[in-house]
Amino acid sequence: MKKILLILGAFCLSTVLGCSRQDRDVYHESGNTINVNNKRNELYNEKKDMGVRNMRNDFGYVRHQKSPVMGDRSSNGNEDTLDREKLANMISKYSTDLPNVNDVATLVTDQEVLIAYQTDSKNRKLTADQVKKTGMSAVPRYYHVYVSDDKRLMKEVENLSHLNSTSREARHLIQNVIVEMKSYPQGDRINSNENENGETPDDVKRNMK
């Protein structure tokens with residue numbers, strides 16, 4: 001009888017330990033998974049049950065795993081729309097932290113960033129490169145970034161923000177402003193295959209159509 005009780009006790013203990021370990025180690029495995037350094041039933045470190053996060057002190061950690069199904073980007077919000085206004089706000093804010101950059105207007109579309117700024121810099125190319133890289137650091141890599149230190153273009157960038165992004169007129173007007181912006185310093189080339197704005201030769205041909 002004692003032997004049976006011992007066996008049952010050992011089985012129950014192993015089950016409890018197994019469940020506890022599973023709670024710590026298992027992440028959601030549907031498609032592109034996210035594993036976060038916190039409770040496994042939360043996608044991000046929201047700490048809802050622990051009060052307000054101390055965002056100044058907390059680290060930010062998110063782990064993504066590619067889906068085993070080729071081309072599958074449908075799960076876990078990979079098709080979520082970027083908050084373009086928040087991105088534009090961040091780019092403008094960080095750009096004004098750059099030396100000699102005093103006023104910045106930023107437009108973020110579905111594929112490009114337009115940044116018009118006012119500066120008293122004596123090295124316009126260097127400043128343009130810094131502003132451009134600030135924009136590139138905030139958006140996905142496929143974006144192209146265009147800059148201009150002509151304060152007059154700040155109003156044009158603002159006017160574009162009121163257009164419907166799906167309209168053909170908006171795309172035409174955006175391209176016109178881009179052409180005008182490219183007549184101003186754009187900084188250095190990104191690499192041997194991408195020009196100053198992050199465009200490849202194929203991108204340039206496509207934009208000329």
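The values are calculated or read from the model by the stated rules, or taken from the named source; none is laboratory data. Computed from a prediction, not measured in an experiment: that's the story for all the values here. Here the Cβ is made from the backbone with ideal geometry for all residues, glycine too, and neighbour counts use every protein chain on show.
The figures follow:
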read-out	value
Selection within segment 123-145 - among the charged types (D, E, K, R), farther than 12 Å from residue 184 by Cβ and either in contact with a Phe, Trp or Tyr (Cβ under 9 Å, 6 or more places away or on another chain) or modelled with pLDDT under 95 (or both)	141
Considering residues of segment 88-112 that are assigned to a loop (DSSP other than H, G, I, E, B) and polar (S, T, N, Q) only, the residue nearest to residue 161 (Cα to Cα)	109
Extreme residue, farthest from residue 104 (Cα to Cα), among residues of segment 170-189 that are assigned to a loop (DSSP other than H, G, I, E, B) and touching a residue at least 40 places away in the same chain (Cβ under 8 Å)	188
Those residues of segment 113-169 which are under 15 Å from residue 182 (Cα atoms), in a strand (DSSP E or B) and not aliphatic (A, V, I, L, M), in sequence order	117, 144, 146, 148
Residue 112, sole failed condition from (1) closer than 19 Å to residue 83 by Cα; (2) without any contact (Cβ under 8 Å) to a residue 60 or more places away in the chain; (3) buried (at least 20 other Cβ atoms within 10 Å of the Cβ)	(2)
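Here is a yes/no grid of residues against (1) farther than 24 Å from residue 129 by Cβ; (2) surrounded by 14 or more Cβ atoms within 10 Å (Cβ to Cβ):
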site	(1), (2)
156	no, yes
162	yes, no
166	yes, no
194	no, yes
197	no, yes
202	no, no
